[in-house]
Amino acid sequence: QVQLVESGGGLVQPGGSLRLSCAASGFTFSIYTMSWYRQAPGKERELVASIISVGGTHYADSAKGRFTISRDNDKNTVYLQMNILKPDDTAVYYCNAARYVQSYWGQGTQVTVSA
């Protein structure tokens, strides 16, 4: 049974940091592209960052220079380090695992950036 379990969300002040984690099980984690998406109220889900199996990364323009995606294939976990958070970063953050036509989603974790 495939599971993606996100954690690490919460309430943070503008300028603060959070580290999201996504623990995966039920599939061969190391060969999947792992991504973080987010969805703010009233907006479409958007890609934040991706990391391929061998470690190459891609970031949305909004995340470049502030967010860092990483993975630990021994722990079947993908991370998103978020720094210099802004109110516009407020959203539910979802973990995604993808390989060819297969795509799995976590349940999401809320990130709220507010003073």
Under 5 Å from the placed amide H of Val111, counting only residues 5+ away or on other chains, we find Gly10, Ala91, Val92, Tyr93
All aspartates and glutamates inside 17 Å of Lys75 as judged from Cα atoms, apart from same-chain residues fewer than 8 positions distant
Glu6
From the phi of every residue in region 72-79, what ³J(HN,Hα) in whole Hz does the Karplus formula 6.51 cos²θ - 1.76 cosθ + 1.60 yield, where θ is phi - 60° and glycine or proline is x?
10, 5, 6, 9, 6, 9, 10, 10
Amide H within-cut-off set for Ala49, under 5 Å, with H built and near neighbours excluded
Trp36, Ala60
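Counting other Cβ atoms within 10 Å of each Cβ, which trypsin sites (Lys or Arg not before Pro) in region 55-115 have at most 10 and sit in a DSSP loop?
On the way: sites: Lys64, Arg66, Arg71, Lys75, Arg99; in loops: Lys64, Arg66, Lys75.
In loop regions of region 55-115 (DSSP not H, G, I, E or B), the sparsely surrounded trypsin sites (Lys or Arg not before Pro) are Lys64.
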Residue by residue through region 43-59, the couplings from Karplus 6.51 cos²θ - 1.76 cosθ + 1.60 with θ = phi - 60°, in Hz, x for Gly and Pro, are 10, 6, 5, 10, 6, 9, 7, 9, 9, 7, 4, 8, x, x, 10, 9, 10
Applied in sequence order to region 61-66, the curve 6.51 cos²θ - 1.76 cosθ + 1.60 (Karplus, θ = phi - 60°) yields integer Hz couplings, x standing for Gly and Pro, of 4, 5, 9, 4, x, 10
For Ser30, solvent-accessible area (1.4 Å; no DNA, RNA or ligand), Å²:
50 Å²
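The values are calculated or read from the model by the stated rules, or taken from the named source; none is laboratory data. What you see is a predicted model, and the numbers here were worked out from it, not measured in a lab. No Cβ is skipped: glycine too gets one built from the backbone with ideal geometry, and neighbour counts run over all protein chains shown. These area figures cover heavy atoms from the full protein model, side chains too; ligands, DNA and RNA do not enter into them. Shrake-Rupley method; radii C 1.70, N 1.55, O 1.52, S 1.80 Å.
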